[in-house]
Amino acid sequence: MFKYESPTSLSLKTGGFSLILKKAKGDYIWDNKGKRYYDFTSFFGVSLFGHFNPFIIKRVKNYFKEKPHSMGDLFPYEEREKLSEKIVSLFKNKNLSVTFGISGTDAVELAIKTAFLYTKKEKIISFKNSYHGLSMGILPLTNLKHFQNPFKKFLKNYSIELKFPEKEEELEELEKRLKKLNPSKIAGIIVEPIQGRGGIRIPPKGFLKILYDFCKKNDILFIIDEIFTGFSRTGKDFCFQYEIDFPDILCLGKALGGGFPLSACVGRREIMKVWEVKGDPLYATTFLTHPVSVISSLAFLELYKKERPVKIVKEKEKIFEKHLLKLKDSEKIKDIRGKGIMWGIEFRDEKFALKVWKILIERGFLTLLEGEKHNVLSFVPSVYFREKELRKALKIIFEM
Ligand SMILES: Cc1ncc(COP(=O)(O)O)c(C=O)c1O
């Protein structure tokens, strides 16, 4: 199977077996042999309201009847304007403007380019274990060495890597490190408020505020990447809201598209003005704001308003806490951490983590392995995930 695809991005082999998707509905998926699985991944955090959400799908289906495609930056449909308005309406600060992308990587790239254009400075601070995308432009910021190293000598090294603090004591260290840097060279800081693919890592309280203050003081743009954490996943609409009002630039993706590819770089209006140029726009891509993605995203935002998932997530967080923390005394487990509906079990041994992951799949549960060592089993389900299924999955781990 997949004989004619290069091995570039098929990771089936890692697990030593294949799972070919046939259909998905809610939190369940079926493979091509008819086997059913419970999905704790929401497919990389995309399906916040479950797969094939009927509310979103109905809108998309209706739309197909008349508008198949738009022309990127040149001749858009009017719904695109509505979408940017709806995105801005999510925030207290209305003095914002939106640039769309197709992938999360696009949104990050837009944010970084904005920082370079606006500040005319050349360095970006990013954090150890961060994940912001894998394009050549963004790779210097994705500080997971197995992704960076094969391309290291070809990358433009514009990134300054700092330690991502995970304990309160490390904040002081961070402040000292920041003080030693030369701010006249630094265009921006980019950070995930909770690291996802880096291993579900949670910084201590006060982390974002330190970065925010440092940026304000030194004319540096503060960029928050909420491509994973955004839209209630951590128990607030956006995770930055635990500590600050709004960064200079916010990157959104994954859930925003309602299951279709769409991302957004949301920035303070006066900053985003740097993109105003005569002639060809400095940013465009053929499938930009494809109408299906736009309609799906509008439907997602409407559902988001109706469902008010933050409240649901707060309840679900308690379920995670109750069940996951029971595993804490297992000697195979190094740490269990999470917030909202974004949790990770860090195993001491990476081979054992892989074994757990595989057995869970065999027994009908989908999770993911995160972190540089792939030893953090993650649970990033939809807001509707069922306690009963979590209990079943954890029982399997408990008995291993
Ligand atoms: C925090 C974060 N930023 C950026 C990205 C890149 O997004 P995409 O894979 O849509 O390009 C991801 C993807 O996992 C992510 O988790």
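Side notes on the structure shown:
- Hits in region 165-212 (condition: over 18 Å from Ile244 (Cα atoms), touching a strand residue (DSSP E or B) at 6+ places or on another chain (Cβ under 6 Å), within 16 Å of the ligand (Cβ to nearest atom) and not in a strand (DSSP E or B)): Arg197, Gly199, Ile200
- Meets criteria (modelled with pLDDT of 95 or more, outside the structural domain of Gly235 (by TED's automatic domain parsing), surrounded by fewer than 17 Cβ atoms within 10 Å (Cβ to Cβ) and in contact with a strand residue (DSSP E or B) (Cβ under 8 Å, 6 or more places away or on another chain)) for Lys388: no
- Identity of the residue in region 217-240, touching a residue at least 60 places away in the same chain (Cβ under 8 Å) and acidic (Asp, Glu), that ends up surrounded by the most Cβ atoms within 10 Å (Cβ to Cβ): Asp225
- Odd one out for Phe214 among (1) buried (at least 16 other Cβ atoms within 10 Å of the Cβ); (2) within 30 Å of Ala284 (Cα to Cα); (3) aromatic (Phe, Trp, Tyr): (2)
- Of everything in region 236-261 that is assigned to a loop (DSSP other than H, G, I, E, B) and in contact with a strand residue (DSSP E or B) (Cβ under 6 Å, 6 or more places away or on another chain), the residue that is nearest to the ligand (Cβ to nearest atom) is Gly253.
- Boolean, Pro203 is crowded, with 16+ Cβ neighbours inside 10 Å and either assigned by TED's automatic domain parsing to the domain that holds Gly230 or over 17 Å from Phe228 (Cα atoms) (or both): yes
- Some residue of region 144-152 being closer than 16 Å to Ser126 by Cα and touching a Ser or Thr at 6+ places or on another chain (Cβ under 7 Å): yes
- Any hit, region 269-283, residues being away from the ligand (no atom under 16 Å from the Cβ), modelled with pLDDT of 95 or more and closer than 30 Å to Ile312 by Cβ: no
- Hey, Gly137 more than 30 Å from Phe40 (Cα to Cα), of a type outside the set (A, V, I, L, M) and within 14 Å of the ligand (Cβ to nearest atom) or not: yes
- Among the residues here, Ile200 qualifies as more than 16 Å from Cys251 (Cβ to Cβ) and of a type in the set (A, V, I, L, M, F, W, C).
- Residue in region 320-327 that is in contact (Cβ under 8 Å) with a residue 24 or more places away in the chain and surrounded by 19 or more Cβ atoms within 10 Å (Cβ to Cβ) present: yes
- Only one of the numbered conditions (1) over 18 Å from the mean Cα position of the chain (by Cα); (2) in contact (Cβ under 8 Å) with a residue 40 or more places away in the chain is violated by Phe151, and that is (2).
- Residue list for region 217-235, restricted to those being within 16 Å of the ligand (Cβ to nearest atom) and in a loop (DSSP other than H, G, I, E, B): Glu226, Ile227, Phe228, Thr229, Gly230, Phe231, Ser232, Arg233, Thr234
The values are calculated or read from the model by the stated rules, or taken from the named source; none is laboratory data. All values reported here derive from a predicted model rather than from experimental measurement. When we count neighbours, we look across all protein chains shown, and the Cβ atoms used for this are built from the backbone with ideal geometry, even at glycine.
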